[in-house]
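Just below is one structure, and these are the notes that go with it.
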Amino acid sequence: MKTRRMVFLLIIAAVLTLNSCVSSGAASAEEYFAIGMAYFDMGKFAEAETWLNKAKAKDKTMHASEYNLGRIAFETGRYDDALKHFKAILKRDPNNVLALKAAAYTYIRNGDIEKAGELYDKVLKLVPESADDGYNYALVLFAMKKYEEAEQVLNNHEFALLDNNDVLLLYARSQKEQNKPEAIDSYEKWLVNNTDAKVRYEYAQLLESHQLYARALEEYRAALGEIAADAAAPAKSDIRFAVARVLLIADSGSNAGITELKGAVDDGFSDSEKVSELLTYERISAKHKDEIRTIVTEMKRAADAAAKAAEAAAKTTEADKTADDSEPDKEKKEAGK
């Protein structure tokens, strides 16, 4: 509170000084800029824009004012306006790293990840040692499903891979999407110092894809113990289905897989197509495939019954609404008798 009061007092003092300067014809761009930034620090963006626009007209503070006007537009959700300011800087100074970064991040918010990727590529050519920008660029490449390129960018920041958990996880995920066995080591390194059910689930999927069934089962069960009861992606039922799949493949002589599959369905797993896919696995026994067919049939019946119930409920709601809408007309007729 004291800090805000001090900033406000400084603004008043600056304005008084500025009025004096204006009357003598000596107002400077720096003074306009200082007042604008004081308002910016207080979160008073409208006032900040007014003063920064005045400062922008002066050559000495043009870039800084334009940049901060872009920041204000970004903070207030006006991303197109923010881009206009950042692009204005880049038109005059194409290698301005701050403006390139800001524009790239704004393009991400605007949903134009390809344009963001182009700008981050340029940033890294100007400052190749920047691990943060390398990470952001790799994120953009990952979002564009350019997994190999994302991995290559992160490979340029070896120390960040050792020290930064976010960088290491993105590296592991980029490798996983390419189905590289090296991803196993990368996930293991991340899990040494971190715990996350979703990441552990991804790791288990990777192990399963490389037919390391015992390790996959261990990780799926660990994820099952860590996942929140109301988690959505993956849900508890998704993990139980994965456990069932591994058991059916790797332990075909046991009924544990079928038991786990029924438990997953009871927990809410409803994707009958994924259950049907189990019928294509050669390592699943014929006996278990017969039981899987029965489970799929029951799932489809339950889905049909739920759909019919929902349709009946919708019709009832519509009928009730129609009755409610006609009630005023009925009252008017009664009143006119």
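The values are calculated or read from the model by the stated rules, or taken from the named source; none is laboratory data. Everything quoted here is computed from the prediction, not taken from an experiment. Heads up, the Cβs are rebuilt from the backbone with ideal geometry, glycines too, and the neighbour counts pull from every protein chain shown.
A compact table of results
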| quantity | calculated |
| --- | --- |
| In the range 41-56, the residues that are among the aromatic types (Phe, Trp, Tyr) and at pLDDT below 75 | TRP51 |
| Number of positions in the range 189-203 that are of a type in the set (Ser, Thr, Tyr) and either surrounded by 15 or more Cβ atoms within 10 Å (Cβ to Cβ) or in contact with a Pro (Cβ under 7 Å, 6 or more places away or on another chain) (or both) | 2 |
| Some residue of the range 17-33 being more than 27 Å from GLU129 (Cα to Cα), modelled with pLDDT of 75 or more and part of a helix (DSSP H, G or I) | no |
| Residue identified as modelled with pLDDT under 95, assigned to a helix (DSSP H, G or I) and not hydrophobic (A, V, I, L, M, F, W, C) among GLN152, GLN205 | GLN152 |
| Which listed residue, of LEU124, LEU69, LEU83, is part of a helix (DSSP H, G or I), more than 18 Å from the chain's Cα centre (by Cα) and surrounded by 23 or more Cβ atoms within 10 Å (Cβ to Cβ) | LEU69 |
| Complete set of residues in the range 127-149 that are exposed (fewer than 15 other Cβ atoms within 10 Å of the Cβ) and in contact (Cβ under 8 Å) with a residue 24 or more places away in the chain | VAL127, PRO128, ALA143, MET144, LYS145, GLU148 |
| Selected residue [within 27 Å of ARG283 (Cα to Cα) and in contact with a helix residue (DSSP H, G or I) (Cβ under 7 Å, 6 or more places away or on another chain)] from ALA197, ALA264, ALA229, ALA172 | ALA264 |
| Candidates GLY253, GLY263, GLY268 - the one that is under 26 Å from ASP196 (Cβ atoms) and not in a helix (DSSP H, G or I) | GLY268 |
